[in-house]
Amino acid sequence: MPRIALSEQERQQRRQHLLATARTIYRETRTLPTVADIAARAGVAKGSVYSSFTTKEEIFVALLADSFATLLAGLAHDIEAWPVPAEPVVELPRALVRQVLQQPDLLPLAAMTHAVLEKNLPEEAMASFKHGLADGLRLLGVQLSGKVGVDAAIATTCLMRSWALTLGLWQALDCPAALLDVLQQPGLEVFRGDFALELEAAQREYWLGALPPQA
């Protein structure tokens, strides 16, 4: 009996189900799940996973893109709700810290980006991910420019640099539990900072220099 083709809505529903399953496994193991693991947990055949994603790396990129989209949407909501007159040097770091902490998968996934994207990810999929992220940053840059009175392209570039600072600081301060005792040694205090507090302070310093004084 011929297999009944799925409608577009059904394909999207299956894709979201597989992504949710992959995210659940990732949160449990902190490693990228295999196609076999996802299929078994989702209760589908491996072929069903491959019909939505060509490789494990495509699943990774989809998870990362979803996390980025949620982050950017959260920031857009916060920026829109800024008080008038707004103090962007204060409000933006607070919003960024709040939204990043609400996305527990984002930074660990982003930290693996280059290692994963360089392996087995089709160029078309990589380009689609990069274009999607760039478009999201530009939209947020336009919104931010209207609030702080800077050119949209400059605001977009500042947002990209702000993200790079966020990821770099997380990588510097996040460490495996096995290293916690080592970091208690004298002279290593700089690596024992509270990420949320350090991130807000670093972002304030950055945006203080990035935004014009009249903002």
**Asked** Would you say Ala155 is surrounded by fewer than 16 Cβ atoms within 10 Å (Cβ to Cβ) and either outside the structural domain of Leu19 (by TED's automatic domain parsing) or assigned to a loop (DSSP other than H, G, I, E, B) (or both)?
**Response** no
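Would you be able to say whether some residue in region 113-120 is in a loop (DSSP other than H, G, I, E, B), at pLDDT 85 or above and assigned by TED's automatic domain parsing to the domain that holds Leu199?
Step one: of region 113-120, the residues in a loop (DSSP other than H, G, I, E, B) are 118-120.
Filter once more, keeping what is at pLDDT 85 or above: none.
No, every residue in region 113-120 fails to be in a loop (DSSP other than H, G, I, E, B), at pLDDT 85 or above and assigned by TED's automatic domain parsing to the domain that holds Leu199.
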**Prompt:** Quick one: would you say Ala45 is modelled with pLDDT under 90 and surrounded by fewer than 14 Cβ atoms within 10 Å (Cβ to Cβ)?
**Reply:** yes
**Request:** Identify all residues within region 104-140 that are under 20 Å from Arg161 (Cβ atoms) and among the polar types (S, T, N, Q); write none if there are none.
**Result:** Thr113
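Every residue, every condition in (1) closer than 16 Å to Tyr26 by Cα; (2) among the small types (Gly, Ala, Ser), yes or no:
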{"residue": "Ala73", "(1), (2)": "no, yes"}
{"residue": "Val89", "(1), (2)": "no, no"}
{"residue": "Asp105", "(1), (2)": "yes, no"}
{"residue": "Ala111", "(1), (2)": "yes, yes"}
{"residue": "Ala115", "(1), (2)": "no, yes"}
{"residue": "Ala134", "(1), (2)": "no, yes"}
**Message:** Every residue in region 169-214 that is modelled with pLDDT under 90, more than 24 Å from the chain's Cα centre (by Cα) and not aliphatic (A, V, I, L, M), please.
**Reply:** Asp181, Gln184, Gln185, Pro186, Gly187, Glu189, Pro212, Pro213, Gln214
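The values are calculated or read from the model by the stated rules, or taken from the named source; none is laboratory data. Since this is a predicted model, take the numbers as computed values, not measurements. A quick note on method: Cβ atoms are made from the backbone with ideal geometry, for glycine too, and the neighbour counts reach across all protein chains shown.
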